[in-house]
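Engineer: Sharing a structure here in structure tokens format.
The values are calculated or read from the model by the stated rules, or taken from the named source; none is laboratory data. Remember, predicted model here, so these are calculated numbers, not experimental data. We place every Cβ from the backbone using ideal geometry, glycine too, and count neighbours over all the protein chains shown. These area figures cover heavy atoms from the full protein model, side chains too; ligands, DNA and RNA do not enter into them. Shrake-Rupley method; radii C 1.70, N 1.55, O 1.52, S 1.80 Å.
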Amino acid sequence: MKKSILSAILGIAILSTATLAISCKGNGNGKSVKPKETVTLDVYSQLANYSGLQTGWFADLMLEKFNVKINIIPEVGGAYQTRMEAGNLGDIVVWGNDGDQYRKAVEAGLLLDWEEDDLLAKWGPYINANMKLALQKNKMIVSPDKKIHGFGHSVSTSAKDVQQFFYTWDLRFDIYEQIGKPEIKNLDDLVDVLAKMKEACPTDDNGNPTYGASLFNDWDGDMVMFVKALATAYFGFDEFYVGLYDPETGSFHGAIEENGPYLECLKFFNKLFQAGLLDPDSLTQKYNGMSEDFQNGTAFWNIFNWMGSGTYNSETHTSQGKAMYPVCPTEARPLVYGQNVYGAERIWSIGSKTAYPELCMAIINWFSTPEGYLTTQYGPQGVTWEIKDGKSYLTEFGKKAMADQNNTEMPEPYKGTYHDGAFQINNITWCLDASNPLTEGETYNRFFWASEQVPAATEIEQAWRDWSKAANPDQYLLSGNYQIAPGTLFTATPVPTDLEMKKSQVCDCVKNGSWNAIYAKTDAEYDSIVAKMVEDCKSYGWDDLNAFFVEQAKVRAAAEKAVRQ
């Protein structure tokens with residue numbers, strides 16, 4: 001990183017607190033850009049799990065506010081390559097990361113320069129006033145042409161705090177109680193506990209067989225998502241190229257490292273399969289299939305806070321004394337991310353071929369205002385949430401919607417259930433734990449609002465609180481072992497051109513080999529598959545790739561050391 005670029009951004013950082021304090025008055029309401037005729041905007045989102053027109057209450061709000069319909073195009077079936085070849089990525093473009101694909105789109109001229117014709121200043125006033133550091137990072141470090149093409153997700157207002165825990169180790173606590181709450185020290189103990197839970201509860205809500213875990217492959221990137229995510233949840237190592245990075249030591253652990261974190265977690269999933277504890281549809285089902293498993297109580301365990309408990313803990317289940325809550329192995333060190341004033345890697349941008357640049361900017365700007373951001377997270381203001389006397393509140397309807405999203409019908413004039421209208425672009429602007437300037441010292445995260453610090457709503461919640469000696473998941477996880485990945489200016493450098501083919505072959509080999517290994521029927525078969533995967537990766541040029549990854553780990557470690565000092 002050039003010293004001049006870093007100095008420029010740090011210079012802006014000195015002014016950031018004052019800027020935030022005075023800039024919250026920007027209205028960013030987008031009303032003057034509202035078209036007379038309804039417009040359909042294509043939103044190509046590499047993060048979306050949904051395809052087609054946005055529906056429900058959020059669609060109604062977009063029509064009312066912007067006279068817009070949102071057509072969501074996910075990253076499936078080679079969408080990126082197809083759209084790049086067509087020379088048109090869409091109107092609004094959301095990137096899964098700021099790596100190769102984003103940079104190639106910039107170099108091909110397929111993303112708008114936000115400063116051209118004062119687009120950002122005129123139609124993105126709230127972003128322009130409140131996200132200066134994130135914008136400068138995009139301009140100086142992320143975009144190869146040194147122009148602003150967007151900003152990274154999860155922008156924070158403070159570099160001193162951590163985000164909410166993402167890896168919470170949710171477990172069906174009612175069944176865990178039923179089997180006597182045995183201690184879970186490590187992954188082997190977890191396999192044994194899940195086996196006992198299946199014995200205690202062999203069928204789900206619909207009479208189908210239960211399993212310890214249910215997976216899907218939609219989100220596999222350079223590695224199998226669930227395998228590398230488990231390594232993050234257990235070892236506290238962050239995904240880094242084709243492997244994992246230890247924020248404590250600054251070391252890189254490749255996906256094929258013998259006895260390394262990726263392969264250890266891969267073996268865990270094979271143990272689940274061999275024990276009949278892994279949903280056999282995991283390889284072929286998509287996100288929606290996995291989600292249905294958790295809605296129906298088919299699977300008992302999930303490492304993600306919103307994917308397990310967020311799906312299973314409906315009002316119906318909790319009223320029956322059933323719920324998922326965190327039960328973390330005592331030897332685990334889940335990673336928690338530090339807040340990042342520069343924004344993270346998932347970028348909001350606008351396609352250069354859009355016929356509606358001002359409208360796209362006004363919409364992203366509204367998503368970035370407190371009102372817009374809270375709406376994308378929780379629903380319509382005044383219906384599901386409100387702010388009174390500097391404090392945030394869920395309405396009574398909002399509490400019901402949060403508790404039972406799938407079955408809660410929205411009030412007029414909205415249509416369908418709360419779940420039907422959920423924001424489907426699947427990216428965020430602010431960090432959920434960033435300060436909300438409309439309040440007196442509260443964040444956007446409802447779990448920490450003063451109004452939500454209430455006694456346990458159900459007997460099962462109280463039982464978990466008594467066991468964990470905590471009032472909420474974060475309090476519980478902060479009392480144990482965890483590792484922090486601080487927010488920094490570091491952005492992963494794309495692999496050099498001469499390594500691109502090698503990386504593509506290695507990633508395909510790791511993903512295919514990993515899934516085959518997960519489904520191995522015996523230890524001998526598993527060992528054979530992994531050995532072949534390692535051998536093939538090395539033949540594709542793993543050593544050259546690994547050398548590059550190790551050097552990049554050193555750059556990241558230096559950036560983290562700088563913010564810790």
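Engineer: Fully extended, how many nm does the chain gain between residue 178 and residue 249 (0.36 nm per residue separation, minus their Cα-Cα distance)? Could you put the intermediate results ahead of the total?
Structural biologist: Details: separation 71, 0.36 × 71 = 25.56 nm, distance 4.03 nm.
Contour length minus Cα-Cα distance gives 21.5 nm.
Engineer: Only Lys, Arg, Asp and Glu count, each charged at its Cβ (+1, +1, -1, -1), so figure out the dipole size of the stretch 87-240 about its Cα centre, rounded to 20 debye.
Structural biologist: It comes to approximately 480 debye.
Engineer: Here are some values of log10 I(q)/I(0) by the Debye sum over Cα atoms at q = 0.06, 0.09 Å⁻¹: (i) -0.34, -0.78; (ii) -0.29, -0.70; (iii) -0.41, -0.82. Which one was computed from this structure?
Structural biologist: Step by step, log10 I(q)/I(0) by the Debye sum over Cα atoms at q = 0.06, 0.09 Å⁻¹ for this structure corresponds to label (ii).
Engineer: Another question about this same structure. Can you give me the C-alpha center-to-center distance between the stretch 37-51 and the stretch 511-565, rounded to a whole angstrom?
Structural biologist: Here the two parts' Cα centres lie 34 Å apart.
Engineer: Now a separate question. Using Cα-Cα distances under 8 Å and only pairs 6 or more residues apart, what relative contact order does the stretch 71-202 have, in percent?
Structural biologist: For the stretch 71-202, the relative contact order is 15 percent.
Engineer: A further question follows. For the stretch 487-499, what does the Karplus curve 6.51 cos²θ - 1.76 cosθ + 1.60, with θ = phi - 60°, yield as ³J(HN,Hα) per residue in whole Hz, taken in order and with x for Gly and Pro?
Structural biologist: Per residue, the Karplus-derived 3J(HN,Hα) values read x, 9, 7, 4, 10, 4, 6, x, 4, x, 4, 6, 10 Hz.
Engineer: Go through the stretch 467-473 residue by residue and turn each phi into a ³J(HN,Hα) via Karplus (6.51, -1.76, 1.60, θ = phi - 60°); whole Hz please, and just put x for glycine and proline.
Structural biologist: 5, 7, 6, 9, 8, 7, x
Engineer: Sticking with this one: Tell me, what % of the accessible area of the chain is carbon and sulfur with a 1.4 angstrom probe?
Structural biologist: 49 percent
Engineer: Continuing with this model, one more query. Given R₀ = 25 Å, what would the calculated FRET efficiency be for residue 122 paired with residue 86, taking r from the Cβ atoms and rounding to 0.05?
Structural biologist: Details: r = 29 Å, r/R0 = 1.15.
That gives a FRET efficiency of 0.30.
Engineer: Could I ask something else about it? For the chain, with only Lys/Arg (+1) and Asp/Glu (-1) charged at the beta-carbon, what is the dipole magnitude about the Cα centre, in debye rounded to 20?
Structural biologist: Computed charge dipole of the chain: roughly 1500 debye.
Engineer: To continue, here is another question. Nearest 20 debye, what's the magnitude of the dipole of the stretch 190-264 about its Cα centre given +1 on Lys and Arg Cβ and -1 on Asp and Glu Cβ?
Structural biologist: Dipole size: approximately 240 debye.
Engineer: Further, regarding this structure: Loop-only trypsin sites (Lys or Arg not before Pro) in the stretch 479-565, please: DSSP not H, G, I, E or B, and at most 13 other Cβ atoms within 10 Å. Each step should come with its number before you reach the end.
Structural biologist: Working: sites: 502, 503, 511, 521, 532, 538, 554, 556, 561, 564; in loops: 521.
In loop regions of the stretch 479-565 (DSSP not H, G, I, E or B), the sparsely surrounded trypsin sites (Lys or Arg not before Pro) are 521.
Engineer: Which ³J(HN,Hα) values in Hz, rounded to whole numbers, follow from the phi angles of the stretch 37-49 under the Karplus curve 6.51 cos²θ - 1.76 cosθ + 1.60, where θ = phi - 60° and Gly and Pro get x?
Structural biologist: With the stated coefficients, the stretch 37-49 comes to 9, 4, 10, 9, 9, 7, 10, 7, 10, 5, 9, 6, 10 Hz.
Engineer: Could you tell me the relative contact order of the stretch 300-408? Use alpha-carbon pairs under 8 Å, at least six residues apart, and round to a whole percent.
Structural biologist: Values: 60 pairs, mean separation 22.3, N = 109.
Worked out over the stretch 300-408, it gives 20 percent.
Engineer: For the stretch 427-451 and the stretch 211-235, what is the separation of their C-alpha centers, rounded to whole Å?
Structural biologist: Rounded to whole Å, the Cα centres lie 28 Å apart.
Engineer: Next question. Before anything else, pin down the relative contact order of the stretch 396-498: Cα pairs under 8 Å, at least 6 apart, normalised by residue count, whole percent.
Structural biologist: Averaging sequence separation for qualifying contacts and normalising by length gives 9 percent for the stretch 396-498.
Engineer: How much length is gained if the chain between residue 104 and residue 539 is pulled fully straight, taking 0.36 nm per residue apart and subtracting their Cα-Cα distance, in nm to one decimal?
Structural biologist: Here the answer is 153.9 nm.
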